[in-house]
Each structure stands twice: as structure tokens, then as C-alpha cells.
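One structure below.
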Amino acid sequence: MAGNKKNIILTGDRPTGPLHIGHYVGSLKRRVALQNSGKFDDIYILIADAQALTDNADDPKKIRDNIINVTLDYLSCGIDPEKTTICIQSELPALYELTAYYMNLVTTARLERNPTVKSEIKMRGFNEGGVGLPVGFYTYPISQAADITAFKANCVPVGEDQMPMLEQCKEIVHKFNSTYGEVLVDPQILLNENTACRRLPGTDGKAKMSKSLGNCIYLHATEKEVHEKVFSMFTDPDHINVADPGKVEGNCVFTYLDAFSNDEHFREYLPEYACLDEMKEHYMRGGLGDVKCKKFLEKVLNEELAPIRERRAKWDADIPAVYEILKKGTEKARETTGRTLSEVKDAMMINYFADSALISEWEANIR
Ligand code: TRP
């Protein structure tokens, strides 16, 4: 029952490709900090392969290949398998049973209002030119509610785009608890305070990093790749000569500096400014060239990525250990989610064989 007030985190990612620095500042870095805060009784990260299949049904190989990729990204960032349980969604059958029961608590009209799903449908061209909308994709917010509630998570640190999923989940929790009794835990979303971190644009200035646009800096990027990406980064197209005044809004270099740099970095690499605001003022006034800004950003990014690269090299050399982590984590998650499913079935009175009262009730009724 929901009485045992535990602090439990659940987050997840779709394994559709390697993770990039947008994932990192948007959520991963925070997860590591939360993990190391010691404030949580349990922390789970779900590799949401089944959710990834809802719009990749024809490409299971892509999903399969990225399971290890994403796990390596987690471990490289400092996710510690001793403190955080990493598990695979499709290996947790309780999630699908919960999804089936929750589907009865949600209307199609409600699903249609989900703004994230709406924009994803548009981006993928579903419901256009004869391309249908997969039912699994349309209903994935319900299965995500199953993910969150199965772990009894009270805290879900994710990106801003996941807000509608959390709202949907809360509605399901309230509906379930008021209909069947207090079993499920009401989850809170935890967003990054730094707004630049919440939605890091691609290096071309486009809204989101995406593999197909080639505008990502991956967590596994080498120094050479970081250099190339930073030096081809979108800045202010009207800032032609160093002396010209420049714009910092919509200028990727400054957006990235907003997300990644701190005063320490200035002391170390660019002591002529005390902080980012001073540097921005100079850029806007004129007299500060893009190359200098990019060199600084490159140093800041490499400083962040260096320990990640180091840890990755270590894990890369021991993939069987990574596999073991996934296996052990998934086993633990199977127990946790199975327990919640039992409580849910008890509350719904569909626990027939766990509860022989079915017989005595029947006998009492007919006598
Ligand atoms: N929808 C999330 C994403 O696209 C992935 C996800 C699946 C998730 N299940 C979750 C996130 C549960 C948080 C909690 O990134």
C-alpha cells in the first residue's frame, strides 16, 4: 500500500541511438547528482525498448544494437550500478499487464490532447499520405504511466517534453486510487533549473538534436569530433567582422555556454571575463570574434567530456560486465514491478488464485 513513504526515482530513455550532450545536460547529469545525493531509497533507469518499438516496429535491429550503447552512455556518465538499477522494459511483463488495466481508465479524447505525442505524430508523418498511426504509439503515454507506477516512483527527473506524460500518469494514479483504493504513488516531475539545459538545440541551431540532421554532439565524441562540431556551429549570421556587434540569442555557442560553462571555466580558460554575462556584453558590443568564443566552448565541453571518455574506455573493455549489470538490474526490476502488479490485482479484486475467498464468498451467497 502507498503508506510506505519511500523516495524512489524512475527515469528512462528510448534506445534509438547513442545519447548526446542534450540528453546529458537535460537529464543524465542530474540523475548522477541525484544518485550521489544519498537521498533516495531506490533509483531505476528503464531502457524503454518497447516504447522505442512503437514507432520502429520494422527495425528491431536498431533497438537491439542500442541497448548496450545506451547502457555504456549511462555508465560513462557516472551512473553507478551499485546505486542505480538499470533495466530493460520488454523484459518486465508486469508493465504490459498494468498498461492493459490502465487503458480502461483513459479516454481516446484524452490521448488526443497530449501535445508531445501530437508533435511526434506530425514529425513522423503519421496520419498523412496513407501512413497510419500505430495504436501502440498513440497509447504509449499509458504504458509510460505503467512504467512509472510499477516502480512506485515519486520522483521522475526528465526533460520538459515529458511533462504531458507525467500529467497523464498523475490522472491515471488518481483515477485508479479513487476507484480501487490507494495503491499507486503520485509522481512528481523534476525539471532542470537551468532553462538552457532543458532544451539544448542542435549545433545547426535547429530545435532538437537529431541523428538524421547530423547536428548532435554525442557523449562518445572524440576531441576531434567536438572540435569539428563546435567550429561548424551556427552563431549570428550577421556577425561578419570581429568589430561588428553580435547577437547572443539564438546563437548556439552562447546557448551551449549557458548550459555548460561556469565561473570556474572563465578563471581557468578565459580570465579576461569574470563570468558569461561579461563575455556576452562584449560580444553584443562588438569586438569579440566567433573563433575565440568557439575555442572557449571547445575547452568547456572537453572538460565535461574527459571523465566520461575515461570511464567509457574502461567499460568498453568489459562488455560482458555491462551485460551482467543489465541482467541483474532487470531481475531486480522484475521483482519490484511484479509486486506492484499483485497489489494492483488485489485492489481490483482480480487476484482469484491468490485469494481463496472467492470460494467462501460464493458459498456464503448461495446459502
Ligand atoms: N518517453 C521517454 C523518452 O522519450 C522514455 C521513457 C519511457 C520514460 N518510459 C519512461 C521516461 C518512464 C521516464 C519515465 O525519453
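The values are calculated or read from the model by the stated rules, or taken from the named source; none is laboratory data. Note that the coordinates shown come from a computational prediction; the quantities given were computed from them, not determined experimentally. Note that we place each Cβ from the backbone using ideal geometry, even for glycine, and neighbour counts take in every protein chain shown. For accessibility, only protein heavy atoms count, side chains too; no ligands or nucleic acids. Shrake-Rupley method; radii C 1.70, N 1.55, O 1.52, S 1.80 Å.
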Bridge orientation stat for the chain from DSSP, antiparallel percent rounded to 5, came to 10
Average accessible area per residue (Å²) across the chain - probe 1.4 Å, nucleic acids and ligands excluded: 50
For Ile88, residues with placed amide H under 5 Å, excluding near neighbours: Ile47, Thr330
With every protein chain present, what accessible area does Arg339 have (1.4 Å probe, heavy atoms only), rounded to the nearest 10 Å²? 140
By how many degrees, between 0 and 90 and to the nearest 10, does the Cα long axis of helix 140-150 differ from the longest principal axis of the chain? 70
Enumerate the calculated ³J(HN,Hα) couplings along the range 63-73 in order (Karplus 6.51 cos²θ - 1.76 cosθ + 1.60, θ = phi - 60°), each rounded to whole Hz, writing x wherever the residue is Gly or Pro. 5, 4, 4, 8, 4, 5, 3, 5, 4, 4, 4
What ³J(HN,Hα) values, in whole Hz, does the Karplus curve 6.51 cos²θ - 1.76 cosθ + 1.60 give for the range 211-217 when θ = phi - 60°, with x put for Gly and Pro? 3, 5, 8, x, 10, 9, 10
Could you grab the relative contact order for the chain? Cα pairs under 8 Å, six or more apart, rounded to a whole percent. 22
Give me the net charge for the shell around Ala50: Cβ to Cβ below 10 angstrom, other residues only, Lys and Arg +1, Asp and Glu -1. -2
Quick one: putting +1 on the C-beta of Lys and Arg, -1 on the C-beta of Asp and Glu, what dipole do you get for the chain around its Cα centre, in Debye to the nearest 20? 280
0 to 90° range, to nearest 10: angle between helix 276-285 axis and the chain longest Cα axis: 50
Checked the range 285-367 against the a/c 1.5 cut and the a/b vs b/c comparison, axes a ≥ b ≥ c from its Cα gyration tensor; verdict oblate
Taking amide H atoms as placed 1.01 Å from N in the peptide plane, list the residues 5 or more away in sequence, or in a different chain, whose amide H sits under 5 Å from that of Ile43. Ile9, Thr85
Would you mind telling me the share, in percent, of accessible area of the chain contributed by carbon and sulfur at probe 1.4 angstrom? 54
Once the mean of 1/r over all distinct C-alpha pairs in the range 88-159 is inverted, the Kirkwood radius in Å reads 13.5
How high is the FRET efficiency between Glu228 and Trp362 when r is their beta carbon distance and R₀ equals 56 Å, given to the nearest 0.05? 0.15
Using only the alpha-carbon atoms, how far is helix 290-316 inclined from the longest principal axis of the chain? Give it as 0 to 90 degrees, nearest 10. 40
Using a 10 angstrom Cβ neighbour count of at most 11 plus a DSSP loop assignment to flag exposed GluC sites (Glu not before Pro), which longest range of the chain is free of such sites? 83-192
What does the charge add up to near Ile9, with Lys and Arg as +1, Asp and Glu as -1, over the other residues with Cβ less than 11 Å from its Cβ? +4
Of Gln144, Cys155, Ser232, which is farthest along the charge dipole of the chain in the positive direction, counting Lys and Arg as +1 and Asp and Glu as -1 at C-beta? Gln144
When only Cα pairs under 8 Å and 6 or more residues apart are kept, what is the percent relative contact order across the range 223-314? 34
Protein chains only, probe 1.4 Å: how do Leu358, Leu276 rank by accessible area, largest first? Leu358, Leu276
Lys62: which lysines have alpha carbons under 18 Å from its alpha carbon, excluding same-chain residues fewer than 8 sequence positions away? Lys211
Label Glu249 and Tyr352 with points 7 Å out from Cα along Cα→Cβ: what is the distance between them in nm? 6.4
